[in-house]
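Reviewing the structure listed below.
The values are calculated or read from the model by the stated rules, or taken from the named source; none is laboratory data. The model shown is predicted, which means the values in this text are computed figures rather than measured ones. Here Cβ is always computed from backbone atoms with ideal geometry, including for glycine, and neighbour counts include all displayed protein chains.
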Amino acid sequence: MNTRYEHISILGLGAMGRALADALLGAGREVTVWNRSAGKAGELVARGAKEASSVGEAVAAGDLTVICLLDDASVRETLTPVLSDLTGTTLVNVTSGSVRQARALAGWLEGHGVRFLAGGIMAVPQSVGTPGAFILYSGPRDLFDRVAPVLGPMGRAHWVGEDAGFAALYDMAALSGMYGMGAGTDHAVTLVHAEGGDLETFKREVLRPWLEQMLPISVDGADASASVPDEYNPAMQAVGLENLLAASGEAGVPAELAGHLSASLWRMRRAVANG
Ligand SMILES: NC(=O)c1ccc[n+]([C@@H]2O[C@H](COP(=O)([O-])OP(=O)(O)OC[C@H]3O[C@@H](n4cnc5c(N)ncnc54)[C@H](OP(=O)(O)O)[C@@H]3O)[C@@H](O)[C@H]2O)c1
């Protein structure tokens, strides 16, 4: 059993797989790559990667295989034909998927004698390997401890628990926060634009400093019970949200873009009704 993890194979050369391979090559790792469609390995091979002509060849070449495909179905479709060759190998799946999919995949692969870690990439291809990038991992802690220094160049490695589903759980939940923020900022600039405001000034002088001020309050104050603390004054907030929705309607902003405000209004009205 080779557990030194000096040679890494990557399955999947989409935008993210290429970025991961590039970061590992940049850190001097030995890298073998495989992709379903031909023609995506050229630049990586020019930088020193080896290209495998099959999944089995790629897995056999590496001490550790990182899987970065589209979704859970593509991972299973890719691994199923080589399942019997995976026994004794180490696989790290950073393909996005649901919590249940991650747990099921871990059970399936561990049942075939695979050492397995699930991952969730908290980066975009352009930020892979930069100081802000991090990757969530879940699964056996001892395996994480051995793998983390090897995969560190892809992004800071952060273990979130033995439960294989937790990397996906925290990844999905963080994405929910991101999309919520994106929905709010999209609505904000649409409203400003619709009423003739200057977008650059608004973004730089108002939106960014306001969100920077509110981010810690918003994250620290988040509550899984969907209750609203008294100091938030839900009655006042409900009126404010009604005003905001009215302003949005007056400006002709599509109601769909203000969906996040309706969710907040529902929460505030519920808090008021519950006393
Ligand atoms: N891009 C991002 O910003 C980002 C950020 C965080 C996490 N992620 C996650 O990283 C993963 C990869 O994202 P990406 O941006 O690299 O996506 P992408 O550019 O669309 O690449 C998808 C990859 O999956 C392969 N693939 C799709 N279906 C397949 C199948 N049935 N069998 C084998 N291979 C298959 C594609 O191969 P072909 O070239 O042959 O089509 C390609 O290598 C996703 O799970 C994504 O959610 C991405």
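A few points about this structure:
- In the set (1) at pLDDT below 95; (2) in contact with a helix residue (DSSP H, G or I) (Cβ under 7 Å, 6 or more places away or on another chain), L207 fails one condition alone, (1).
- Boolean, S9 is in contact (Cβ under 8 Å) with a residue 40 or more places away in the chain, closer than 19 Å to A118 by Cβ, surrounded by fewer than 21 Cβ atoms within 10 Å (Cβ to Cβ) and of a type in the set (S, T, N, Q): no
- Helices (runs of 4 or more DSSP H) lying entirely in region 19-109 (those with 2 or more residues that are over 18 Å from the mean Cα position of the chain (by Cα) and closer than 29 Å to E162 by Cβ): 55-61, 72-79
- Flag if V150 is under 20 Å from V31 (Cα atoms), in the same structural domain as R18 (by TED's automatic domain parsing), at pLDDT 95 or above and more than 14 Å from the ligand (Cβ to nearest atom): yes
- Single match in L105, L20, L70 (criterion: out of contact with any Leu (no Cβ under 8 Å at 6 or more places or on another chain), farther than 19 Å from V147 by Cβ and not charged (D, E, K, R)): L70
- Taken together, the residues in region 7-22 that are aliphatic (A, V, I, L, M) and within 6 Å of the ligand (Cβ to nearest atom) amount to 3.
- Among the candidates V124, V66, the residue that is touching a strand residue (DSSP E or B) at 6+ places or on another chain (Cβ under 6 Å) and either at pLDDT below 95 or not assigned by TED's automatic domain parsing to the domain that holds M178 (or both) is uniquely V66.
- Yes/no for A52 being within 25 Å of P149 (Cα to Cα), crowded, with 24+ Cβ neighbours inside 10 Å and in contact with a helix residue (DSSP H, G or I) (Cβ under 8 Å, 6 or more places away or on another chain): no
- For first residues located in region 15-26 and free of Cβ contacts under 8 Å to residues at least 40 places away in the same chain, partners that are within 8 Å of the ligand (Cβ to nearest atom) and lie 6+ apart or on another chain with Cβ distances below 8 Å form the pairs A21/L13.
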